[in-house]
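Read the figures in this text as sums done on the coordinates, not as results from a lab. Bear in mind that the values here come from a model prediction, so they are computed numbers and not experimental data. Glycine also receives a Cβ, built like all others from the backbone with ideal geometry; neighbour counts cover every protein chain displayed.
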């Protein structure tokens, strides 16, 4: 069965610091990869996605992620965070084919707190 | 607002009672998903519809849970004889027809508290 692991459960950093959140998945086939963000009191919103092509994808609010197929990783980055980036971040994998088609497998999430 | 909507947003019920939640997907989306999220965890897949057909159901879903999407539009999730362990956020998501990007759009969720 596929699984998704996010390396950090909690991250605390200061404004203007750089952010990198790790995500690894276990599935040998074709995958679509996503990062979702959940701001306090709000619902899950798509941050960025990878389907094919350039492994470096850019999303909203200055976020980007790099797909490294050989490492089964899809790490999220932002060069300089703002207080408004305080949120919970979820990595999700959509494995294509077999009995996994359609559903997302989410990681446990990383709570990011940005201090002024 | 043309996003995914869920009703109610909060539900408090006593153990043993039945509850029903509703999800209205984005109108042109033919795929609809239910997830459950507990504190400190990511959303966990429950079930999935394509139009009115329920194509997949998690093995973790007990027989007390049932979902329907009778006309391929809105969906309901019913939990019978609720237990305290059912307390969670129940999320609905929808996505466009196959051939699209499989991106899922989430609703605000229904928070269930079983006392």
(request) With springs only between Cα atoms under 10 Å apart, run a GNM on chain A and tell me which of A:32, A:94, A:24 wobbles the most. (result) A:32
(request) Run the numbers on chain A and let me know its relative contact order in percent, using alpha-carbon pairs under 8 Å that are six or more apart. (result) 37 percent
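Can you pull the mean other chain C-beta count within 10 Å for peptide A:85-92? Walk me through the numbers before you get to the answer.
On the way: counts 0, 0, 0, 2, 0, 4, 1, 3.
The per-residue average across the peptide is 1.
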(message) Please report the spacing between the Cα centers of segment B:21-89 and segment A:28-73 in Å, no decimals.
(response) 24 Å
(request) Write down the percent of antiparallel bridges among all DSSP beta bridges whose residues are both part of segment B:9-115, to the nearest 5. (result) 90 percent
(request) Please work out whether chain B counts as rounded, prolate or oblate from its C-alpha gyration tensor, where a ≥ b ≥ c are the square roots of the eigenvalues and a/c under 1.5 means rounded, while otherwise a/b larger than b/c means prolate and anything else oblate? (result) prolate
(request) Quick one: grab the alpha carbon gyration tensor of segment A:1-60, order the square roots of its eigenvalues as a ≥ b ≥ c, and give me rounded if a/c is under 1.5, else prolate or oblate depending on whether a/b is larger than b/c. (result) prolate
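Counting partner chain Cβ atoms within 10 Å of every residue's Cβ in B:39-46, what's the average? If you can, show how the numbers build up before the last one.
Details: counts 0, 5, 5, 16, 10, 4, 6, 1.
Average per residue, whole number: 6.
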(message) Taking 8 Å as the Cα distance limit and 6 or more residues as the minimum spacing, I'd like the relative contact order of chain B as a percentage.
(response) 37 percent
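Name the shape class, rounded, prolate or oblate, that the alpha-carbon gyration tensor gives for segment B:25-67, where a ≥ b ≥ c are the square roots of its eigenvalues, rounded holds for a/c under 1.5, and otherwise prolate holds if a/b is larger than b/c and oblate otherwise.
Numbers: a/c = 2.74, a/b = 1.39, b/c = 1.97.
The shape class here is oblate.
So how do B:75, A:70 line up by other beta-carbon neighbours within 10 Å, fewest first?
Details: B:75 25, A:70 5.
By the 10 Å Cβ count, ascending: A:70, B:75.
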(message) Sort A:3-11, B:82-90 by the packing proxy (mean of other Cβ within 10 Å over each peptide's residues), most packed first.
(response) B:82-90, A:3-11
(message) What does the structure give for B:55-63 when I average, per residue, the other chain Cβ atoms found within 10 Å of the residue Cβ?
(response) 1
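Of all DSSP beta bridges in the protein assembly as shown, what percent run antiparallel (nearest 5)? It would help to have the intermediate numbers written out before the result.
Numbers: 68 of 77 bridges.
So the antiparallel bridges in the protein assembly as shown amount to around 90 percent.
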